[in-house]
Every structure is written in structure tokens, then in C-alpha cells.
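What follows is one structure encoded as C-alpha cells, with my remarks underneath.
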Amino acid sequence: MSDIKQNSDGDGAGDSDSDGAGETLVAAPILRVRDLSVEFSVPSADGIFGGRRALTAVNGVSFDLHAGETLGVVGESGCGKSTLARAILQLLPASRGEVVWMGEDLVGHPGLRERRRDLQIIFQDPLASLNPRMTAGDIVAEPLRTHRGEIGRAERRRLVAEMFERVGLSPVMVNRYPHEFSGGQCQRIGIARAMILRPRLILCDEPVSALDVSIQAQIVNLLEDLQREFGMALIFISHDLSVVRHICHRVMVLYLGRVVEVAERDILYRSPRHPYTRALMSAVPIPDPRIERERRRVVLEGDLPSPLDPPSGCIFRGRCSYARSRCAEEVPVLEELGGQSVACHFHNDI
Amino acid sequence: MTAPPLLRVENLVTRFDTPDGEVRAVNGVSFDLERGDSLGIVGESGSGKTQLFMSLTGLLARNGRASGSALFDGRDLLTLTPRAMNEVRGVRISIIFQDPMTSLNPYLRISRQMTEVLTEHRGMSRKAARLRGIELLERVGIPNAEARFRGYPHEFSGGMRQRIMIAIALLCDPQILIADEPTTALDVTVQAQILDLLRDLRREFGTAVVMITHDLGVVAGLCERVLVLYAGRVVESGDVDDIFHDARHPYTEGLLRSMPRLDEARGEALHAIPGQPPDLQALPRGCAYRARCGYVRDVCSEAVPPLESFAPRRAAACYRVSS
């Protein structure tokens, strides 16, 4: 379909069957994140003369991502999932840790522009992430202009038209402006822009949350089809655990900037171990009134604690019904349990 | 004779004058709402679900007009003067919106925003109004309500603000509480708290609740009756179990099948509904859904299928069901 071959080794690793991810575990990961932290400096509570203090939005996150794999990152507002995505892409500086892409640490790396070909992002708000003064065709062609200057105009036009078709847009729409498209179509433009360089990894930051239900399914299917065809890995950031269950091979649950649980998809949804993961799952409404009537919810008390003043020990303990004194004293580390890692002192008891 | 329903809407049409011509956001909607009912209004962008209730509460934008009738307690809501509507809205029919931050006035203390309704509408003394306000804040689960009564909206989290909105909506014991996507902007664990609260309040106060939402999961957990809207019309109505387990309109069926579910392992691709949401300015002749429908026939392009009852408490607007 295309002459762009730099990623032609993105082979069938993206097969959608559930053992697709298992196969690739033997190979080296394409992305290794180690102990990644992101801090923001914010004015302190003492008013304008009070100086500044650090807010840790992402706190010691580590994970591997393999070629063709889809990793879900779930959590509620303020859990750091978008910050994590931006820190991986070096759009935000990391305060600590490593982001190793294909064996090369990106943190503080000068030759980042090269890598950006391989690492793309799709945003939540499909219209706001497209320049309103550029035509859809120019938007999709821009990465080619920036990274593949050697490609001539005619060829570029051909590649853009081909990509339009591939994401389900009519190539005659290239001259239209973003406002002339519906939300779902704008998201297709965003996907075309991310795909045109055949990246090895696309970070999808809530790519379907702003779309109507009937359109969400179209976009999810499109991402899955593209992954099957081109084998790119996806990091799928979402607050919607139902969508994540559908599209991801592995899922990481964040709470207040920390990983509380990470597991193979089927293991996580069958037997979540962290009390927060359990509460999160039990809160998701299921579109079936009979099931909803029978369901017993784990209702979380209270709100997310302030990230400026996180609790000592386990960050979840203030809302956890299993919390004991040890939880206040000791930060639980992620413990590997075979296909599943949990950061809870008492995961065996609950 | 049985008593008339709490609210009877008949052939409601809401038109907007736009530079590109007239747009019908709501196109001939009829339904009854009984006392203590919980009605789910399901629809996507452009379905008219919000404008339907904006019409009923006199909140249409200036270029909008509503026709038809909406009998509430013997009076037609559509013909009320703005002053008479003020006596109904917020008193007997309350509304909570999606975004609690923009519905609360950021400059005013919660106390002021809560007591104003009571002193204005109910002629309560300030002291009595204050007690009532604090009582309701406690009821909707604001911890330390007496102290926080004097707070400003920004001092509360999103979920707490929505609780405050619910408390304000309940101040005058309304008979109808309209909730327009009240949990869409909230996190899922907070959404669960708010839905629990709405369920409890309905039981406790006997308020009829209208839940306007795109989220079928929310409807499944909260509502007893459901109207499915598409392009300004009711395409299907029925009891919640029937809608979810025996959907007849292809759009309802498509919506249910297109949703990934938490309790289902990944199967094949999702059943996406093809095409785009309806463009109200360029609706096709006949059934508005036909371009996206898998069961389309010739008759679908000839005339709009009427909403017809095919079983007790069930109706659908589709030639496939009626034939």
C-alpha cells in the first residue's frame, strides 16, 4: 500500500487473538519505561508569597511494551494517565527515570525528531487537535513534509489519498476544513495523520471518549484493523474500562500517579486484585437492567486525595475498606503474581 | 376514570431559525410521565434529547420555538408566560445539568445559591432557608455540611458540586427532576455515587426522575421506562427490560450491540453502526435512520414511519416492526 518501509518489520505481532501478545514476549520490548516520574511546580497554598512546591503527577511508573501490543492505561481524572503519555513522548520533561525506545533512552536525548516518526499520538478532542486553518489533506500530509521531505508533491498527494481511503474517508474530502467534518470523521483525520509515517507506536489519549456511542465502535474497529494490518503497538489511555477490555492485551491501572495493578487483560477482568481496581470495575454500569439490579457495588467513599498532599504509605488507604496500620507506614511495591502485578500489602487477604 | 399523568407531552415540535433555514430539533414527540416514574431518554448528538426538555422548561435559545402541548398539572407548559414558568421551573420541575461548574455561580457562596430559591420562591425566612439548605446538603452526602455551606463552588470537587446541584434542585420538593447527562463529566466511581444518590432520593421523595443520557448502562441501572430518540423523533419506547432484551427498532438494537461491555470478554469486532449521526439540516426523506440501517427497504424512503404500539407499553417507529 505504501512506499514507506522503515517499519516494514512490524509483522503479524498485532494479531487480535489473545495469544498474539504472548508470542511477542520473547522478543525485546520496543519501549521500556523505568521509574518514570513527572513533577510540576505549583504555587504553594500559602498564597502568592508562599513560594512553590512540587506536585508529583506520575510517580515511579515502570512497564515494558512489545511490538504490536496494546497496553491499556486506565484511571480516573488526576491519576496521571495523560501526563504519562506526554512524558513518554518527551512532550513533558521527566523529573526522574528512563524512557528507553528501541534500546535508546529518550530522556534528555537530542535526536528526538528522528524518533517522532515512530511515536505518534491521537488526542481526545478530535476537532481541537486539528488546525482549523489547514485542510484535512494538509493536516495528514504535514508529518510527511516534516519527516519525509524527500517525498515529492505528487507522491505525497497519492499517499494522503490512500491514507484517507484506509481510514474510511473519501479522498475527495482532502480539500475540506476540519469544521466541515463530524466528530468521528475528525478522529479519522487524526488517526490518518498519526498513521501516515507508519509509526511503531501510537499513544491514544482517550481517543473515543468525546464520540457518540455508535461512532466509538467505528473508531475502535478502525484502530484494531490498522493494528492488524501494520502491526504498530498502541498505548490506549482511557477511563472507560469496557472499551479497554475490548481493545487491549494488557492493562495498567493508575491511581494518583502510581501503578496499583498491571495484568494481562483476561486475568485483570476475571480477578482484579487491587481494591481500587475492584472498586473501579464495580462502578462501571453494564447495559443490562437485570444484571444492574442484582449487582452489588463497592462504592468508594470520598474523593481523590490532593496530589499535593498525598497520604503516607499506600496512596489508596484513605478510601480503602481493607486499610490497616501497615498501609500508613509502608508504600506497597508492585508484586509479580504471574501475569499480574499488584501494589497492595494485603492482596492475599481480599 | 384514571387520573391524568403527571406530565403529558403531545406532538412536541421544536424549531430553530438558523441562517441556513429552519431546523427541527424535536419533531413530534409525545409521551406521558407518571408520578414517581423514572424515565430514561436515550439518544446521541442531534437526537433532540436536550432540546426536548429545554422546550418544556422554557429554556430554549432565542431563535427556538416549541409547539404542541405539555400538560403538567392542568396547565400547558408551552404557553406559560416567563413569569408563570418561573413559578414552575426550579420549584416543581427542577433540572440538573452535565457540568456542575458552569451551572453554579462561581462568585456566590453555596449558602446564597441555596437560600435564594427558598426566600424568593417559598417566602421562607433566611434562617429557615439556611436550615433547609444545610439539611439537604447533608442529605446528598456533603461531609461537614454546616461549615461547607459558606464555601464557594471552586472549593468543591466535581462530584461534590454535582451533589450540591442535586441539593439545589430538591430544595422546593419538585415533582419532576430532569437530569441532563448529570454524570457524563464525572469519573466512573463518582458517577456510581451520584446514581446511587438519585436512586435513593427518588425512593425517598417520590420525585419523578427523567434521565437524559447517551449511556445505556446508566439507563439500565436507574430507569424503568425508556424513550429512544433519533433525529428528533421517538423511535422506540418501552419498559427498560424490554428495551434491553427485546429491542425492536434497528437503531436501538444497533446502539446496544455497538457498546463494548465490561462483563464480556473480547470477541470479534464491535458491531458499529455505519455512517454519521443525523444532520438535522439535511434529513433524508422517509426514515431518518435508513442510511445507517441494515434492514432498509423501499418503503423506508417514502414516508416517515409512525410510532406505533405493537404490544402493551411498547412502541416502535419502523416498518419492519409494524408489518
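I need a count of the residues in region A:292-304 that are more than 7 Å from chain B (Cβ to nearest Cβ) and either under 23 Å from A:L337 (Cβ atoms) or over 23 Å from the mean Cα position of the chain (by Cα) (or both). Can you show your working first?
Start the filter on region A:292-304 by keeping residues that are more than 7 Å from chain B (Cβ to nearest Cβ), which leaves A:293-296, A:298, A:301-302, A:304.
With either under 23 Å from A:L337 (Cβ atoms) or over 23 Å from the mean Cα position of the chain (by Cα) (or both) added as a condition, the list becomes A:293-296, A:298, A:301-302.
The number of residues fulfilling the criteria is 7.
Identify, please: which residue in region A:249-276 is on the phi < 0 side of the Ramachandran plot and in a loop (DSSP other than H, G, I, E, B) and is, among those, nearest to the other protein chains (Cβ to nearest Cβ)? My answer is A:H249. Just to be sure, is B:A282 surrounded by fewer than 19 Cβ atoms within 10 Å (Cβ to Cβ) and touching a helix residue (DSSP H, G or I) at 6+ places or on another chain (Cβ under 6 Å)? Spelling it out, it is not the case that B:A282 is surrounded by fewer than 19 Cβ atoms within 10 Å (Cβ to Cβ) and touching a helix residue (DSSP H, G or I) at 6+ places or on another chain (Cβ under 6 Å). For region A:306-319, the criterion of being surrounded by fewer than 16 Cβ atoms within 10 Å (Cβ to Cβ), within 13 Å of chain B (Cβ to nearest Cβ) and under 29 Å from A:V243 (Cα atoms) is met by at least one residue.
Among the strands (runs of 3 or more DSSP E) confined to region B:1-66, the ones with at least 3 residues that are over 29 Å from B:G221 (Cα atoms), assigned by TED's automatic domain parsing to the domain that holds B:V240 and not acidic (D, E) are located at B:7-18, B:21-33. Here A:A328 meets the list (1) within 14 Å of chain B (Cβ to nearest Cβ); (2) touching a Ser or Thr at 6+ places or on another chain (Cβ under 7 Å) almost entirely, failing just condition (1).
Results for (1) out of contact with any Gly (no Cβ under 8 Å at 6 or more places or on another chain); (2) among the aliphatic types (A, V, I, L, M), shown as yes or no for each residue.
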{"position": "B:G21", "(1), (2)": "yes, no"}
{"position": "B:S45", "(1), (2)": "no, no"}
{"position": "B:L77", "(1), (2)": "no, yes"}
{"position": "B:D99", "(1), (2)": "yes, no"}
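Which one of these does A:A154 not meet: (1) of a type outside the set (D, E, K, R); (2) free of Cβ contacts under 8 Å to residues at least 24 places away in the same chain; (3) in contact with a Ser or Thr (Cβ under 7 Å, 6 or more places away or on another chain)? Going through (1) of a type outside the set (D, E, K, R); (2) free of Cβ contacts under 8 Å to residues at least 24 places away in the same chain; (3) in contact with a Ser or Thr (Cβ under 7 Å, 6 or more places away or on another chain) one by one, A:A154 breaks only (3). The number of residues in region A:208-256 being more than 14 Å from the chain's Cα centre (by Cα) and under 18 Å from A:L36 (Cβ atoms) comes to 2.
Taking A:A279, is it within 11 Å of chain B (Cβ to nearest Cβ), in a helix (DSSP H, G or I) and surrounded by 24 or more Cβ atoms within 10 Å (Cβ to Cβ)?
Working: within 11 Å of chain B (Cβ to nearest Cβ): yes; in a helix (DSSP H, G or I): yes; surrounded by 24 or more Cβ atoms within 10 Å (Cβ to Cβ): no.
Taking the combined requirement at face value, the residue does not satisfy it.
The values are calculated or read from the model by the stated rules, or taken from the named source; none is laboratory data. Treat the numbers as computed from the prediction; the structure is a model and nothing was measured. We place every Cβ from the backbone using ideal geometry, glycine too, and count neighbours over all the protein chains shown.
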